[in-house]
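The values are calculated or read from the model by the stated rules, or taken from the named source; none is laboratory data. These numbers were taken from a predicted model, which means no experiment stands behind them. Here the Cβ positions follow ideal geometry from the backbone for every residue, glycine too, while neighbour counts run over all protein chains shown. Heavy atoms of the whole protein, side chains included, go into the accessibility calculation; ligands, DNA and RNA do not. Shrake-Rupley method; radii C 1.70, N 1.55, O 1.52, S 1.80 Å.
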Amino acid sequence: MKRNVRYTIIIPVYNEEAVVEETYRRLTRVMEATGEPYELLFVNDGSRDRTAELIESFAGSDKCVRLLDFSRNFGHQIAITAGMDYARGDAVVIIDADLQDPPELIPLMIDKWKEGYEVVYAQRSKRKGETLFKKWTAALFYRTLRALTEVNIPLDTGDFRLIDRKVCDAMRGVREKNRFVRGLVSWVGFRSTAVEYVREERFAGETKYPLKKMLRFSMDGIASFSHKPLKLAAYLGFMISFASFIYLVVSLAQRLFNTGAAAGWPSLIACLLLTDGVILIVLGILGEYVGRIYDETRNRPLYILRNKREVEDAEHEIEVIYSAL
Ligand code: UDP
Ligand code: MG
């Protein structure tokens with residue numbers, strides 16, 4: 001594989017025409033200051049606006065810019081994965097396109113990397129310009145995840161991080177379909193450290209993570225790293241059955257000794273609904289895992305690229321496609 005660059009910056013973009021120019025400008029300024037060769041690897045996740053054209057135009061005048069163009073929207077986590085598959089740098093940085101992750105932090109990450117750390121993640125000490133709802137749900141999610149999983153996923157970190165070539169190669173070997181990249185990075189291990197930063201407001205445009213995507217994302221995070229929800233299902237079922245058994249004994253006793261009002265229709269219905277509810281919850285949890293098994297067995301490629309040029313470019317890239325098929 002051609003390995004002529006020192007740093008690869010992976011930037012997933014989805015309908016980011018409002019910010020991509022400024023992002024390109026700021027990243028270029030920061031990376032040029034390092035004085036070492038770098039590439040800006042944009043992954044266009046099926047944008048429907050002018051994002052891809054804009055990136056093509058940067059690439060026209062700047063050799064450091066590369067574009068991976070998805071055939072449709074495959075999702076943020078898949079976009080990052082594709083970036084890691086095609087990255088050529090000795091160190092790889094993943095950053096959001098909307099400048100919520102300040103590019104100016106990259107030199108600090110590079111310093112840590114040069115000290116010998118293989119993963120340098122950026123930890124948010126503050127989040128600016130996001131709704132209380134987003135902050136609370138995010139805080140709750142990271143804490144739930146921590147409580148439920150065995151993998152040590154650091155609190156309040158996003159995908160903004162630097163990883164060494166070794167980590168990137170290890171990640172390329174992990175081909176599971178429902179991907180929670182920051183969890184997988186912790187899972188592959190290596191020596192890691194954190195740098196703190198204040199998460200800025202989005203430079204322009206709107207969030208590309210509506211509630212539905214956020215829920216999907218958190219389910220991926222939890223279900224990919226923990227079987228505890230399955231155990232919870234059994235536990236809940238057991239508790240409810242036990243409670244109904246006690247209730248049954250009590251109502252039988254009441255009937256035999258004719259004390260108190262007979263346990264009537266309402267309580268019967270209440271019990272039925274309760275157990276039905278539990279059964280449905282349990283089925284839902286089972287469904288999540290069965291769905292995952294189904295995704296894995298179908299074994300579809302994680303993504304499909306529109307631009308064949310990138311695919312045919314180098315041997316390893318062909319190999320990546322094959323291993324994904
Ligand atoms: N993104 C993507 N595909 C998607 C959704 C988002 O590539 O389906 C990119 C988006 O362009 C941005 C990054 O992922 O660079 C983070 O998205 P966003 O800033 O909208 O998320 P938030 O910061 O609101 O959680
Ligand atoms: Mg953002």
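Using amide H atoms built 1.01 Å from N in the peptide plane, name the residues 5+ places from Tyr38, or on other chains, whose amide H lies under 5 Å from its own.
Long-range HN contacts for Tyr38: Arg6, Tyr7.
With charges set only on the Cβ (+1 for Lys and Arg, -1 for Asp and Glu), what does the dipole of segment 1-130 come to about its Cα centre, in debye to the nearest 20?
Working: 18 positive and 23 negative charges, 51 e Å.
My answer is approximately 240 debye.
Report the extension gain between Met214 and Ser244 in nm, rounded to one decimal, defined as 0.36 nm multiplied by the number of residues separating them, less their alpha carbon distance.
Working: separation 30, 0.36 × 30 = 10.80 nm, distance 3.62 nm.
Contour length minus Cα-Cα distance gives 7.2 nm.
If each residue of separation counts as 0.36 nm, what is the full-extension length gain between Thr275 and Arg165 once their alpha-carbon separation is subtracted?
On the way: separation 110, 0.36 × 110 = 39.60 nm, distance 5.16 nm.
Here the answer is 34.4 nm.
Considering all projection directions equally, how large on average is the shadow of the alpha-carbon convex hull of the chain, in square nanometres?
Working: hull surface 80.0 nm².
For the chain, the mean projected area of the Cα convex hull comes to 20.0 nm².
Cut-off 11 Å, label point 7 angstrom out along Cα-to-Cβ of Ala18: give me the residues of segment 200-216 whose amide nitrogen falls inside.
Counting only backbone N, you get 202-208.
Rounded to the nearest 5, what % of DSSP beta bridges with both residues in the chain are antiparallel?
On the way: 9 of 33 bridges.
The answer is about 25 percent antiparallel.
Counting only protein heavy atoms and using a 1.4 Å probe, what share of the accessible area of the chain belongs to carbon plus sulfur, as a whole percent?
Working: 10320 of 16980 Å².
Carbon plus sulfur share of accessible area: 61 percent.
Give, in nm to one decimal, the length gained when the segment between Leu283 and Leu132 is fully stretched (0.36 nm per residue of separation minus the Cα-Cα distance). Spell out each step's value before the answer.
On the way: separation 151, 0.36 × 151 = 54.36 nm, distance 3.23 nm.
Fully extending the segment from Leu283 to Leu132 adds 51.1 nm.
Can you pull a Stokes-Einstein diffusion coefficient for segment 1-63 at 10 °C (1.306 mPa s), Rh from Kirkwood over Cα pairs, as a whole number of µm²/s?
Values: Rh = 12.3 Å.
Result for D is 129 µm²/s.
Could you please tell me the mean projected area of the C-alpha convex hull for segment 1-150, averaged over all directions and given in square nanometres to one decimal? Can you show the working numbers first?
Numbers: hull surface 42.6 nm².
Reported value for the Cα convex hull: 10.7 nm².
Using a Gaussian network model of the chain whose springs link C-alpha atoms within less than 10 Å, name the residue from Asp169, Asp276, Asp49 with the highest mean-square fluctuation.
Looking only at Asp169, Asp276, Asp49, the biggest GNM fluctuation is shown by Asp276.
For segment 155-312, count the residues as N, evaluate 2.2 N^0.38 Å, and divide the Cα radius of gyration by that value, please.
Numbers: Rg = 24.7 Å, N = 158, 2.2 N^0.38 = 15.1 Å.
For segment 155-312, the normalised Cα radius of gyration comes out at 1.64.
Could you check the simple spin-label distance between Thr144 and Leu236, using points 7 Å along Cα→Cβ, in nm with one decimal?
My value for the distance between the label points is 1.1 nm.
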